[in-house]
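See below for the structure under consideration.
The values are calculated or read from the model by the stated rules, or taken from the named source; none is laboratory data. Treat the numbers as computed from the prediction; the structure is a model and nothing was measured. Every residue, glycine among them, receives a Cβ derived from its backbone with ideal geometry; neighbour counts consider all protein chains shown. All accessible areas refer to the heavy atoms of the entire protein, side chains included, with ligands and DNA or RNA removed. Shrake-Rupley method; radii C 1.70, N 1.55, O 1.52, S 1.80 Å.
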Amino acid sequence: MSHLLIIGASDAGISAALRAREVDPALEVTVLAADEYPNYSICGLPFYVSGEVPDWQDLAHRTTEDLERTGMRLLLRHVARSIDPAARTVVAVDGEGRERRLAYDRLVVATGAESATSDIAGLDLPGVFTLRFMEEGLVLRQHIEAHGPAEVVIVGGGYIGMEMADALTRRGLAVTLIEHGASVLKTVDPDFGGVLGGELERHDVRVITGMDVQAVQAREGRLVVRGDRGFTKADMVLVATGVRPATALARAAGVATGVHGALRVDRHMATNVPHVYAAGDCVETWHRLLERPVYLPLGTTAHKQGRVAGENGAGGEGTYAGTLGTQVVKVFGIVVARTGLRDEEARAGGFDPLTVEWTAWDHKAYYPGARELRLRVTGDRGSGRLLGAQLMGLHGSEVAKRVDVFATALFHGMTVEALNDLDLSYTPPLSSPWDPVQMAAQAWQRAAREAA
Ligand SMILES: Cc1cc2nc3c(=O)[nH]c(=O)nc-3n(C[C@H](O)[C@H](O)[C@H](O)COP(=O)(O)OP(=O)(O)OC[C@H]3O[C@@H](n4cnc5c(N)ncnc54)[C@H](O)[C@@H]3O)c2cc1C
């Protein structure tokens, strides 16, 4: 019987295992999990820390029993230490330090990513945390419950930093967020980032932008966070400065790396090493619009790439369709989303972009509770092709649904004009006969005509 071995039991690894068992129910599938939390939603950790999800076990996408019922074998607390591609074996060490050698016919590397903490000194001090793994989320909440810190500094204004500013405020902590850029959430345009920064401040989060944090120090029972523009004191520090792909194991076995040091894979998620596939946050990702690999670590992508790797690991011929970088985040009452390319990204990608913003009511203004939505559409001046969209609105104004309309249009290479032909749903409490997506498309067309 053929054996598929998978290293890593999070989004990509488990997606690979599930798909492989689906494609070939006779295939023997083994998944190595470094920890005891296979198939948990680490994306849910901010909501566990906040208390909105009271029980960590609710973060499981599936229970261990659910997974084993599909026929896969899970080896928990097994860390893969080396891969021998010539012998097609992997050496793993279990929780008791025992070594075992596992043979494979095909291998999927799904080792994910780890926190990138750059060169900030003092991260090993008690009270300093990163948030990447289930264990880290559990320890963070235990720390808050046991020690009752009053003030926290979050280093990093990306989506995790902001979700955690929201979560820790809900927990009753006074939050300071330090971001080295000029605005938070640099993945959207700066004025959207500015509005988000304002939303944080409205909830009493102190936002410091333009400061590079260099060290955390312990002083008189507290922590001091030092940056290039001063210092601030806290009882607790969370460093959320991004991730880097976890590639050491695969690199040592000869797997080549590409963008951002991530493992290089083709569209079938195959590496350069025979019989070895890779997927998720450890790999570079094909960008559907740019038609080149990028590094864009997201749960959505990890699931899809894992599914392709699992299909091919089971002898299939799956192809990864590519990312558009679609993302959405909720910070207190505001939801911000993006898909595709922003103006400068499109220009750098060889397009001739025009970006137009339009503000619309999320539903008919005469029906109570209408809220303003901001939609920013980027299209190519020459071809009229849709290149990207950014949206911002209040929670409940269907920002995610609308960014997904743009994402679907982008996926199919539609023009901005063609958005008007989409048969989108309408009832006054939820939308308008022309959905805001289409109003924004029409605004883009008018501006493109004027600019021509
Ligand atoms: C707080 C937080 C919030 C997030 N929110 C979102 C969101 O809202 N939307 C979104 O799309 N994405 C989100 N993400 C990102 C998303 O969680 C990741 O992109 C996704 O989990 C990546 O899955 P993965 O399987 O590739 O890697 P990982 O989840 O990193 O898993 C890799 C696993 O491999 C294990 N492993 C590593 N090395 C070995 C080894 N040698 N042997 C055995 N096991 C090993 C690790 O222990 C780990 O469990 C969030 C991430 C975090 C941390």
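Taking the condition at pLDDT 95 or above, surrounded by 18 or more Cβ atoms within 10 Å (Cβ to Cβ) and farther than 22 Å from GLY221 by Cα, does VAL152 pass? First the steps, then the outcome.
On the way: at pLDDT 95 or above: yes; surrounded by 18 or more Cβ atoms within 10 Å (Cβ to Cβ): yes; farther than 22 Å from GLY221 by Cα: no.
Spelling it out, it is not the case that VAL152 is at pLDDT 95 or above, surrounded by 18 or more Cβ atoms within 10 Å (Cβ to Cβ) and farther than 22 Å from GLY221 by Cα.
So, TRP358, is that one modelled with pLDDT of 95 or more, in contact with a helix residue (DSSP H, G or I) (Cβ under 6 Å, 6 or more places away or on another chain), within 30 Å of PHE332 (Cα to Cα) and open to solvent by 70 Å² or more (accessible area, probe 1.4 Å) or not? Quick ask: steps written out before the conclusion?
Working: modelled with pLDDT of 95 or more: yes; in contact with a helix residue (DSSP H, G or I) (Cβ under 6 Å, 6 or more places away or on another chain): yes; within 30 Å of PHE332 (Cα to Cα): yes; open to solvent by 70 Å² or more (accessible area, probe 1.4 Å): yes.
Taking the combined requirement at face value, the residue satisfies it.
Would you mind stating whether GLY413 is open to solvent by less than 10 Å² (accessible area, probe 1.4 Å) and farther than 20 Å from GLU450 by Cβ?
On the way: open to solvent by less than 10 Å² (accessible area, probe 1.4 Å): no; farther than 20 Å from GLU450 by Cβ: yes.
Here the answer is no, as GLY413 does not meet what is asked.
Return yes or no: is ALA337 open to solvent by less than 10 Å² (accessible area, probe 1.4 Å) and either within 16 Å of the ligand (Cβ to nearest atom) or of a type in the set (S, T, N, Q) (or both)?
Numbers: open to solvent by less than 10 Å² (accessible area, probe 1.4 Å): yes; either within 16 Å of the ligand (Cβ to nearest atom) or of a type in the set (S, T, N, Q) (or both): yes.
So ALA337 passes the test.
As an exercise: evaluate GLY112 against (1) more than 30 Å from GLY13 (Cα to Cα); (2) touching a helix residue (DSSP H, G or I) at 6+ places or on another chain (Cβ under 8 Å); (3) not polar (S, T, N, Q) and give the number of the one condition it does not meet.
(1)
Please pick out the residue among ARG385, ARG342, ARG307, ARG288 that is in contact with a Ser or Thr (Cβ under 9 Å, 6 or more places away or on another chain), of a type in the set (Lys, Arg) and closer than 19 Å to GLY193 by Cβ. Steps first, please.
Values: ARG385 fails: closer than 19 Å to GLY193 by Cβ; ARG307 fails: closer than 19 Å to GLY193 by Cβ; ARG288 fails: closer than 19 Å to GLY193 by Cβ.
ARG342 is the lone residue from the list that is in contact with a Ser or Thr (Cβ under 9 Å, 6 or more places away or on another chain), of a type in the set (Lys, Arg) and closer than 19 Å to GLY193 by Cβ.
Open to solvent by 30 Å² or more (accessible area, probe 1.4 Å), modelled with pLDDT of 95 or more and more than 27 Å from ALA165 (Cα to Cα) - does that describe any residue in the range 321-333?
So far as the range 321-333 goes, yes, one or more of its residues are open to solvent by 30 Å² or more (accessible area, probe 1.4 Å), modelled with pLDDT of 95 or more and more than 27 Å from ALA165 (Cα to Cα).
Which residue out of GLY396, GLY388, GLY413 is over 15 Å from ILE334 (Cβ atoms) and in a loop (DSSP other than H, G, I, E, B)?
Working: GLY396 fails: over 15 Å from ILE334 (Cβ atoms); GLY388 fails: in a loop (DSSP other than H, G, I, E, B).
Only one candidate qualifies: GLY413.
Among the strands (runs of 3 or more DSSP E) lying completely within the range 181-281, list those that include at least 2 residues that are touching a Pro at 6+ places or on another chain (Cβ under 9 Å).
The strands (runs of 3 or more DSSP E) meeting that bar are 243-245.
Can you run down the residue pairs with Cβ atoms below 9 Å, 6 or more apart or on separate chains, where the first is in the range 35-47 and under 24 Å from ILE6 (Cα atoms) and within 6 Å of the ligand (Cβ to nearest atom) and the partner is polar (S, T, N, Q) and modelled with pLDDT of 95 or more?
ILE42/SER10
Does the range 296-312 hold any residues that are open to solvent by less than 40 Å² (accessible area, probe 1.4 Å) and either on the phi > 0 side of the Ramachandran plot or away from the ligand (no atom under 11 Å from the Cβ) (or both), and which are they?
Hits for the range 296-312 are VAL308, GLY310, ASN312.
Would you list the helices (runs of 4 or more DSSP H) that sit entirely within the range 38-148 and hold 1 or more residues that are of a type in the set (Asp, Glu) and closer than 30 Å to PRO25 by Cα? Show your work before the answer.
On the way: elements: 45-50, 64-69, 134-147.
So the answer is 64-69.
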